[in-house]
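Every read-out reported here was derived from the displayed coordinates using simple, explicitly stated rules and does not represent laboratory data. These numbers come from a predicted model, not from an experiment. Methodologically, a virtual Cβ is constructed for each residue, glycine included, from the backbone with ideal geometry; neighbour enumeration extends over all protein chains shown.
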Amino acid sequence: MNFKNPYFTNVERIQLLERWIIFHSYLYYELNENIVSDANYNANTKQLLYLKEKYPESFKKTKYYKYFKDFESGTGFDLYSKIKSDNNIELMKALENDYKLLKNNLKKS
């Protein structure tokens with residue numbers, strides 16, 4: 001992910017990557033949809049792992065820390081199951097809404 005805005009904090013950068021990875025893992029593993037290349041997905045997971053290692057204190061402050069604290073690879077296959085087992089209804093609904101917005105925008109294209 002290319003962060004062109006110089007005003008993003010490290011927490012915001014990490015959190016944006018986490019949310020992006022959660023969303024695309026949800027699409028891929030739960031809905032059997034794929035809208036990004038493996039190379040793009042892998043680049044963002046590598047960037048997250050780099051930021052996680054470089055800024056561990058910022059990483060621990062993110063909204064999605066508990067889902068990513070053991071994240072060591074690029075698959076993300078278990079992220080949504082962690083969210084479901086945590087019963088994070090707000091995040092599950094947000095992912096569903098994001099998906100609906102995406103589908104509506106793709107239909108217009």
Mind running the shape call on the range 14-102? Use the C-alpha gyration tensor, a ≥ b ≥ c as the square roots of the eigenvalues: rounded below 1.5 for a/c, prolate if a/b tops b/c, oblate otherwise.
-> oblate
Report, in whole Å, the centroid distance computed from the Cα atoms of the range 65-109 and the range 13-42.
-> 8
Within the chain, longest stretch free of exposed GluC sites (Glu not before Pro) [DSSP loop, at most 15 other beta carbons within 10 Å] = 34-71
Using θ = phi - 60° and the Karplus relation 6.51 cos²θ - 1.76 cosθ + 1.60, list the HN-Hα couplings for the range 57-64 in order, rounded to whole Hz, with x at every Gly or Pro.
-> 5, 5, 4, 5, 8, 6, 5, 10
For the range 1-76 the chymotrypsin sites (Phe, Trp or Tyr not before Pro) that pass both the DSSP coil test and the at-most-11 other-Cβ-within-10 Å test are TYR7
Among LYS46/LYS108; LYS52/LYS100; LYS69/LYS100; LYS4/LYS103; LYS4/LYS100; LYS4/LYS63, the pairs whose Cα-Cα distance exceeds 24 Å are LYS46/LYS108; LYS52/LYS100; LYS69/LYS100; LYS4/LYS103; LYS4/LYS100
Which whole-number percent gives the relative contact order of the chain, counting Cα pairs below 8 Å spaced six or more residues apart?
-> 32
